[in-house]
Amino acid sequence: MADFETLTFESADGIVTVTVNRPQKLNALNEQVQRELWAAAQRLGPDGDLAGAAVVILTGAGGKAFVAGADIKAMIDMTAIQGRDFSALGHRAFDAIEALPMPVIAAVDGFALGGGLELAMSADFIYASQASRFGQPEVNLGVIPGYGGTQRLARLVGPAKARELIYTGEMIDAAEALRIGLVAQVFPTEGFMAAVRERAALIAKRGALAVTSAKRVINAGLDVPIERGCEMERQAFGLLFGTEDRREGMSAFLERRDPQFKGR
Ligand code: CAA
């Protein structure tokens, strides 16, 4: 297993929490963090030592920021080619996170700006504390979002709102982020991580095969015509009838008891 210097891992009750840990730089994403995020996705992927996780929580250390963006100091002297490669490194890491089989929740408590918001958007959804702030401020630096923000933000909140956020570079608060559908829920800042863990535990209790199947179909269907997405849904729905969890879930309902899912 690779050594990690900018990420920490905590595993409990099927929930793995991955924390970006560069608080003195508001967890800004330099090359090392991006490489380690990719390596983290390998640990959580099908062949990794953390593959058994039911849910992943992705967060930032220090209490002030989730991630304040790509590391501006690291970018200051880059050539065009280096800029493109730096962007590609982020894309590779975030694509790997997005492709993880289990749900990934971004827990944002503080600033999620630029590459930080792009990282959060590569998760399945975002939970935010009331104290959080979101934005794509890249135009203030003479660049554009470079880790998928032009694509994922437009898909998440619609092209008009994405354009407004990206062209102005302005920050929005958690309430506005909830209103536009950027975040799935906002929790009080006090006790935020406990609230996120409670939601993660709820998902972890569900049938893992059904949850991962739903994730696969939702993601695969986002960029294809709806008829193809619905066909994928029919196939995946049918396949689940071959699982023990499907029989257990339906039997438990009919027997008026809680299901005991085994992931088989
Ligand atoms: N890159 C490098 N360092 C950063 C950083 C970043 N994105 N964001 C914050 N830091 C560093 C600061 O330089 C500072 O370090 P020093 O103490 O060594 O000077 C430390 O983190 C604390 O930051 P501040 O003193 O600025 O804290 P603040 O409370 O006054 O302000 C903030 C907080 C509003 C988030 C401000 O730090 C800020 O605006 N950060 C930059 C946000 C930004 O522009 N992000 C987009 C980056 S570009 C990008 O992400 C491109 C892409 O899509 C690929």
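The values are calculated or read from the model by the stated rules, or taken from the named source; none is laboratory data. None of these values were measured; they are calculated from a predicted model. Counting neighbours? That spans all protein chains shown, and the Cβs are built from the backbone with ideal geometry, glycine included.
Here are the numbers for the structure shown:
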{"item": "Residue check, Met232 in the same structural domain as Ile126 (by TED's automatic domain parsing) and part of a helix (DSSP H, G or I)", "result": "no"}
{"item": "Hits in region 1-50 (condition: without any contact (Cβ under 8 Å) to a residue 24 or more places away in the chain and closer than 18 Å to Ala106 by Cα)", "result": "Glu10, Ala12"}
{"item": "Breaking point among (1) surrounded by fewer than 21 Cβ atoms within 10 Å (Cβ to Cβ); (2) in contact with a Pro (Cβ under 9 Å, 6 or more places away or on another chain); (3) on the phi < 0 side of the Ramachandran plot, for Val56", "result": "(1)"}
{"item": "Residue list for region 25-58, filter: within 16 Å of the ligand (Cβ to nearest atom) and under 18 Å from Gly114 (Cβ atoms)", "result": "Lys25, Leu26, Asn27, Ala28, Leu29, Asn30, Glu31, Gln32, Val33, Gln34, Leu37"}
{"item": "Some residue of region 88-104 being among the acidic types (Asp, Glu) and over 18 Å from the mean Cα position of the chain (by Cα)", "result": "no"}
{"item": "Matching entry among Ile166, Ile172 (being outside any helix (DSSP H, G or I) and either more than 17 Å from the chain's Cα centre (by Cα) or closer than 27 Å to Pro259 by Cα (or both))", "result": "Ile172"}
{"item": "Residue check for Gly63: under 29 Å from Ala204 (Cα atoms), part of a loop (DSSP other than H, G, I, E, B) and within 16 Å of the ligand (Cβ to nearest atom)", "result": "yes"}
{"item": "Residue within region 94-101 that is within 11 Å of the ligand (Cβ to nearest atom) and buried (at least 24 other Cβ atoms within 10 Å of the Cβ) present", "result": "yes"}
{"item": "Residue in region 245-258 that is under 27 Å from Ala120 (Cα atoms), modelled with pLDDT of 95 or more and in a helix (DSSP H, G or I) present", "result": "no"}
{"item": "Residue satisfying all of: in region 102-151; assigned to a loop (DSSP other than H, G, I, E, B) and polar (S, T, N, Q); surrounded by the fewest Cβ atoms within 10 Å (Cβ to Cβ) among these", "result": "Gln130"}
{"item": "Within region 185-229, tally of residues that are assigned to a loop (DSSP other than H, G, I, E, B) and surrounded by 15 or more Cβ atoms within 10 Å (Cβ to Cβ)", "result": "3"}
{"item": "Looking only at region 127-142, and only at residues there that are more than 6 Å from the ligand (Cβ to nearest atom) and touching a residue at least 60 places away in the same chain (Cβ under 8 Å), the one that is farthest from Val104 (Cα to Cα)", "result": "Ser132"}
